[in-house]
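**Student:** Have a look at the structure that comes next, please.
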């Protein structure tokens with residue numbers, strides 16, 4: 001599949017194990033899906049290969065970098081470590097689901113405003129870890145922000161703009177509720 005892809009950077013190699021498929025049903029970004037998946041397929045591979053959602057990035061493939069972070073049933077997870085079969089009856093939010101139509105979310109707007117996205121490779125994972133934090137703690141301290149993004153590796157920003165963007169997004173989101 002990757003050998004014929006136009007944009008090989010958006011392609012995650014996957015080899016079917018040949019084991020019997022497992023039927024799963026799940027929701028991604030508000031849309032319901034029913035799929036038959038290989039029991040060895042990861043959630044990341046499902047998002048890329050089956051749903052063509054390429055915002056979630058594969059970095060290390062070992063759960064160390066956080067580039068593949070998504071929100072699964074309200075919790076940020078590394079989608080490279082979660083089997084697709086574990087998503088049965090789950091609700092998943094990916095970076096594509098953060099905004100509304102063509103409008104970016106407040107969090108995405110603040111990442112742009114604070115230049116918290118240098119090369120952009122870690123950005124989807126950072127956004128999802130930050131979204132998970134803000135969903136459970138609308139007024140996080142800097143220490144809570146650092147802890148929330150501790151599993152996300154960024155080589156470009158030095159983290160300061162990311163922390164500032166998340167802090168600012170928290171403030172804007174609280175103000176939007178008033």
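**Student:** Across segment 109-130, which residue is modelled with the highest pLDDT among those that are under 28 Å from residue 32 (Cα atoms) and surrounded by fewer than 20 Cβ atoms within 10 Å (Cβ to Cβ)?
**Tutor:** The residue in question is 109.
**Student:** Can you give me the number of residues within segment 131-163 that are buried (at least 19 other Cβ atoms within 10 Å of the Cβ) and under 15 Å from residue 56 (Cβ atoms)?
**Tutor:** Adding up the residues that qualify gives 3.
**Student:** Look at segment 158-178 and say how many of its residues are touching a helix residue (DSSP H, G or I) at 6+ places or on another chain (Cβ under 9 Å) and touching a residue at least 24 places away in the same chain (Cβ under 8 Å).
**Tutor:** Of the residues in segment 158-178, 12 are touching a helix residue (DSSP H, G or I) at 6+ places or on another chain (Cβ under 9 Å) and touching a residue at least 24 places away in the same chain (Cβ under 8 Å).
**Student:** State which residue pairs qualify: first residue touching a residue at least 40 places away in the same chain (Cβ under 8 Å) and inside segment 15-35, second residue in a loop (DSSP other than H, G, I, E, B) and exposed (fewer than 12 other Cβ atoms within 10 Å of the Cβ) in any location, beta carbons under 7 Å apart, and separation of 6 or more residues or different chains.
**Tutor:** Here the result reads 25/89; 26/89, each pair linking segment 15-35 to a residue that is in a loop (DSSP other than H, G, I, E, B) and exposed (fewer than 12 other Cβ atoms within 10 Å of the Cβ).
**Student:** Still on this structure, I have one more. Considering only helices (runs of 4 or more DSSP H) fully contained in segment 59-178, which possess at least 3 residues that are within 22 Å of residue 14 (Cβ to Cβ) and under 15 Å from the mean Cα position of the chain (by Cα)?
**Tutor:** Ranges flagged: 123-136.
**Student:** Could you please let me know if residue 64 is over 19 Å from residue 46 (Cβ atoms), in the same structural domain as residue 33 (by TED's automatic domain parsing) and surrounded by fewer than 24 Cβ atoms within 10 Å (Cβ to Cβ)?
**Tutor:** So residue 64 passes the test.
Listed here are the residues, each with its yes/no results for (1) closer than 19 Å to residue 150 by Cα; (2) modelled with pLDDT under 95.
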site	(1), (2)
16	no, yes
38	no, no
47	no, no
52	no, no
74	yes, no
90	no, no
95	yes, no
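**Student:** Exactly one of (1) modelled with pLDDT of 95 or more; (2) assigned by TED's automatic domain parsing to the domain that holds residue 159; (3) surrounded by 15 or more Cβ atoms within 10 Å (Cβ to Cβ) is unmet by residue 69. Its number?
**Tutor:** Against the list (1) modelled with pLDDT of 95 or more; (2) assigned by TED's automatic domain parsing to the domain that holds residue 159; (3) surrounded by 15 or more Cβ atoms within 10 Å (Cβ to Cβ), residue 69 comes up short only on (2).
**Student:** Follow-up. Whether any residue in segment 88-95 is crowded, with 18+ Cβ neighbours inside 10 Å and over 13 Å from residue 70 (Cα atoms) is what I want to check.
**Tutor:** So far as segment 88-95 goes, no, none of its residues is crowded, with 18+ Cβ neighbours inside 10 Å and over 13 Å from residue 70 (Cα atoms).
**Student:** Please go through (1) modelled with pLDDT under 95; (2) touching a helix residue (DSSP H, G or I) at 6+ places or on another chain (Cβ under 6 Å) for residue 60 and return the number of the only condition it doesn't satisfy.
**Tutor:** (2)
The values are calculated or read from the model by the stated rules, or taken from the named source; none is laboratory data. Note that the structure is predicted; figures quoted are calculated from it, not measured. Virtual Cβ from ideal backbone geometry, glycine too; neighbours counted across all protein chains shown.
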